Ligand code: 8NA
Ligand code: MG
Ligand code: MG
Ligand code: MG
């Protein structure tokens, strides 16, 4: 059983990596068709030795989370803040969000007593609700086996840049999705969603979550409501992609992308009408996310993490893997996180 588990840990990191690297290619394209995505992927065969696909901010920050978890357990927020900041300044052109850069500048200035203060000052004191806390969170559910720890540490890791509860709750939701995905087929699609819904009901019931959601006019329990929409869509069957985008979103806000990633993973357990029959579930998941358009790298990285945790690294095609920058680190760190997780 243990070998199978290592596969899931490596799968989660590799799924996240290929989702970011392949998704980023399509981020700025106006029209994305099945034909264009498939032809790009076929072209990797002739290209991977010459040109690797660069990862973006999503993976750069996910790498910092993983490295911090492995060297400063259980989670050292100062160490993590330093890693995010050092990584940004050493390599700023990875496509970071417009707002988050100010957090790094403030952290770098050394004027702040608490590493959490710069994030609280974002967007006139409202904090960011971008998907940046969720896009990098995959290491947390791979380091902690228990739900309360995952909630606690996903929140802390998120709050370094995302002080709005909509931002860090998105990270908590994605972390929990990866956690339940690690259980594989032992958990049905229905109970996977029920677990998430019951966790999020408690999380979104707290005072700050309620008031932030009301202030943004999202209604109460925005993540719970979107989880219910996911269930409705899955019961319906082949919901057109435009309707998925309309109802669940494909934007840079966490509430317009984390539920979309979860839906894409669940939907792509089954074949998708216009995708090749020989593709496996993880391949379908990444391509499905890209075809939704919008924030393609981030939705594909989040869905890729869940799909990789569920299906294991065998579903990450060799060609996709070796075309992606830093894939060997993902393999090594998957094993190390599995050891850490198993020791807890
Ligand atoms: P962020 O904190 O800067 O948030 C991202 C964006 O969300 C901001 O630039 C704002 O436009 C908007 N936003 C967040 N909070 C608020 C608020 N309270 N009020 C008004 N607007 C708000 O950075 P992040 O780390 O959350 O961003 C992650 C995303 O940025 C990822 O998609 C990542 O890949 C990157 N990125 C996205 C795009 C894209 O447009 N798809 C392009 C380049 C980079
Ligand atoms: Mg990115
Ligand atoms: Mg980007
Ligand atoms: Mg993005």
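The values are calculated or read from the model by the stated rules, or taken from the named source; none is laboratory data. Remember, predicted model here, so these are calculated numbers, not experimental data. Cβ coordinates were reconstructed from backbone atoms using ideal geometry, including for glycine residues, and neighbour counts include every protein chain displayed.
Things worth noting here:
- Elements of the type helices (runs of 4 or more DSSP H) sitting completely within region 1-90 and holding at least 1 residues that are within 16 Å of ligand 3 (Cβ to nearest atom): these cover 2-26, 57-71, 77-90.
- Residue under evaluation residue 255, criteria (1) within 16 Å of ligand 4 (Cβ to nearest atom); (2) not in a helix (DSSP H, G or I), criterion not met: (2)
- Exactly one residue out of 16, 24, 12 is closer than 15 Å to residue 311 by Cβ, within 16 Å of ligand 1 (Cβ to nearest atom) and modelled with pLDDT of 95 or more: that is 16.
- Any hit, region 217-231, residues being touching a residue at least 60 places away in the same chain (Cβ under 8 Å) and either over 16 Å from residue 133 (Cβ atoms) or away from ligand 1 (no atom under 15 Å from the Cβ) (or both): no
- Top-ranked residue in region 277-302 [being within 22 Å of residue 243 (Cβ to Cβ) and assigned to a loop (DSSP other than H, G, I, E, B); ranked as farthest from ligand 1 (Cβ to nearest atom)]: 292
- Under the condition of being on the phi < 0 side of the Ramachandran plot and either away from ligand 1 (no atom under 12 Å from the Cβ) or touching a residue at least 40 places away in the same chain (Cβ under 8 Å) (or both), the residues counted in region 95-117 number 15.
- Checked against (1) free of Cβ contacts under 8 Å to residues at least 60 places away in the same chain; (2) more than 23 Å from residue 179 (Cβ to Cβ), residue 293 passes all but condition (1).
- Options 154, 163; residue that is closer than 25 Å to residue 251 by Cβ, in contact with a helix residue (DSSP H, G or I) (Cβ under 8 Å, 6 or more places away or on another chain), away from ligand 2 (no atom under 16 Å from the Cβ) and not in a helix (DSSP H, G or I): 163
- Identity of the residue in region 303-317, over 12 Å from the mean Cα position of the chain (by Cα) and either farther than 21 Å from residue 341 by Cβ or part of a loop (DSSP other than H, G, I, E, B) (or both), that ends up nearest to ligand 2 (Cβ to nearest atom): 316
- Any hit, region 48-63, residues being in contact (Cβ under 8 Å) with a residue 12 or more places away in the chain and away from ligand 4 (no atom under 16 Å from the Cβ): yes
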